[in-house]
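J.: Quick one: the structure is below, and I'll ask about it shortly.
Read-outs: derived from the displayed coordinates by stated rules, not from any lab. None of the values given here were measured: they were computed from a predicted structure. All Cβ positions, even for glycine, are placed from backbone atoms using ideal geometry, and neighbour counts span all protein chains on display.
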Amino acid sequence: MPLPSANELTICTGISSLSLEMRLYLAHKAMTTLCDLADREIVVIISWAKNIPRFSSLSLSDQMSVLQSVWMEILILGVAYRSLPFEDEIVYADDYVMDEDFSRMAGMLDLNGSVLQLVRKYKALNLEKEEYVLLKALTLANSGERMQLY
């Protein structure tokens with residue numbers, strides 16, 4: 001029997017009826033997919049940061065320190081922004097969307113719930129693309145505060 005894909009699961013209404021073995025497999029597959037997506041997104045974040053004025057003039061060590069301190073926040077900002085057009089779904093990629101059932105099955109209900117709260121706040125503010133890009137830049141610029149904590 002072929003295993004369902006993540007996309008098939010997002011439209012599946014009976015996730016709880018899947019066997020424990022299948023749910024564990026799918027949770028593992030979801031986590032692996034999200035790690036792969038995060039790896040790709042980090043490459044995009046690095047490329048984006050290099051286009052920020054004066055960032056490339058920092059030493060490579062300083063660039064790495066800055067990015068290590070903010071990559072997760074910038075990644076979450078991107079996920080939240082991509083999720084704005086959707087209702088109660090987190091868009092990790094154009095072809096990888098998690099609803100509440102899939103989030104629960106993947107063991108990510110808490111994280112996705114927090115991201116959904118952020119999405120709702122951005123929706124209430126009618127966040128525009130320019131404001132989103134500014135938030136990313138401010139996050140990068142304020143990395144020094146977080147770096148002092150480490």
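J.: Taking the alpha-carbon distance from LYS129 and a cut-off under 29 Å, which lysines remain once sequence neighbours fewer than 8 residues away in the same chain are dropped?
T.: Once the sequence-local lysines are set aside, what remains near LYS129 is LYS50, LYS121.
J.: Something else now. Given an 8 Å cut-off on Cα distances and at least 6 residues of separation, report the relative contact order of segment 20-147 as a percent.
T.: 30 percent
J.: Let me ask something else. Taking the Cα centre as origin and putting +1 on Lys and Arg beta-carbons and -1 on Asp and Glu beta-carbons, what dipole magnitude results for segment 20-147, to the nearest 20 debye?
T.: Around 400 debye, computed over segment 20-147.
J.: Could you check the spin-label model distance between LYS123 and ASN142? Points 7 Å from the Cα along Cα→Cβ, value in nm.
T.: Label-label distance for LYS123 and ASN142, simple model: 2.4 nm.
J.: Next question. Choose one of SER61, VAL79, ALA49: the residue whose Cα lies farthest towards the positive end of the charge dipole of segment 34-105 (beta-carbon charges +1 Lys, Arg; -1 Asp, Glu; about the Cα centre).
T.: Toward the positive end, the furthest listed residue is SER61.
J.: Taking the beta-carbon count within 10 Å as an exposure proxy, list SER59, SER114, SER103 from fewest neighbours to most.
T.: Result, fewest neighbours first: SER59, SER114, SER103.
J.: Please give the FRET efficiency for MET31 paired with SER57, using the beta carbon to beta carbon distance and R0 = 41 Å, rounded to the nearest 0.05.
T.: So the FRET efficiency works out to roughly 0.65.
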